[in-house]
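The structure appears below as structure tokens.
The values are calculated or read from the model by the stated rules, or taken from the named source; none is laboratory data. On a predicted model such as this, the values are computed, not experimentally measured, just so you know. As a convention, Cβ positions derive from the backbone with ideal geometry for all residues, glycine included, and neighbour counts pool all protein chains shown.
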Amino acid sequence: MRQSMTGFAAAQGAGFGLRWSWELRSVNGKGLDLRLRLPDWIDGLEPRLRAALQGRLARGSVTVSLKVAAGEETGAARLSEPMLGAVLDALAVIEERAMAAGVTLAPSTAAELLSVRGMLDGAAAGPDPADLVPVLVTEFDALVASLVAMRTAEGEATQAILMGQLEEIETLVAEAASRAEARAGEQAERLAQQLARVMETADGMDSQRVAQELALIAVKSDVTEEIDRLGAHVAAARALLAEDGPVGRKLDFLMQEFNREANTLCSKAQSTPLTQTGLALKTVIDRMREQVQNVE
């Protein structure tokens, strides 16, 4: 099952005189980077959410946001003036010290202040986190399943694109082999002409030595190894895409090898048609590498 690293899921819930909303986002990442924004009064929730994510995801930069507010049944709750004063005084001290340190803070909102435990008299005796956490964890498991489903759907679409790009590369590699073979006769004739011109203008030069140098030039311009390695890379990429589990890092490394061989092919081409094929290869490889960046 192939997964991308991009996905989104959201959900809402209510209970215990509270209402809450979830947001779960995932984007590209080198490893699994988890960032959780949770109410600090719900003890024991964060480690269980981390465990749920680590059990289902291997890579990606994942952000979890949980916002909790008083439910409708607590609408008659009164604002706790002592708590509000204490919070505002604390904010003033924090902002003053941040300003002195040259740090700019985002402004606090009324909604954020109301979410502080004890700000509303009706919310002061809130639910026991031990009762609330299992409910939230159950909801979160469903949320993670929704995220995985989106990542899987996108991963399958990405895999289809990658398989198509591998077919393009394979076709271009075969074209490069054909053009390299056609170039061989022209190259031999050109080298023979160069040798003849050199010998006509060089008195006493060792013709055998000159021939050896030209043969060395011919060897250095041979692209057989590059073509063979490109074919091997295509086979390796297909094998990786057939595997279960995360293969994004291996594919990313393989794309570097693809690009290295295509660059060498272009530098050794010494033929306009072969150079054009090499540049076409580089274009497809670059497009493929962009897709690989999102594979888990």
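Quick notes on this one:
- Residues in segment 21-60 that are assigned to a strand (DSSP E or B) and either of a type in the set (Val, Ile, Thr) or under 15 Å from Ala142 (Cα atoms) (or both): 6 in all.
- Of residues in segment 252-296 being among the small types (Gly, Ala, Ser) and farther than 30 Å from Thr6 by Cα, the one nearest to the chain's Cα centre (by Cα): Gly278
- Comparison of Leu281, Leu251, Leu230 shows that the only residue that is within 18 Å of Ala157 (Cβ to Cβ) and modelled with pLDDT of 95 or more is Leu251.
- Tally of residues being more than 26 Å from Ala69 (Cα to Cα) and of a type in the set (Gly, Ala, Ser) across segment 89-110: 4
- Of all residues in segment 34-47, those satisfying the criterion of being farther than 12 Å from Ser65 by Cα and surrounded by 15 or more Cβ atoms within 10 Å (Cβ to Cβ) are Ile42, Leu45.
- Criterion: at pLDDT below 95, loosely packed, with under 14 Cβ neighbours inside 10 Å and either more than 30 Å from Pro246 (Cα to Cα) or in contact with a strand residue (DSSP E or B) (Cβ under 8 Å, 6 or more places away or on another chain) (or both) - qualifying residue of Val93, Val116, Val68, Val87: Val93
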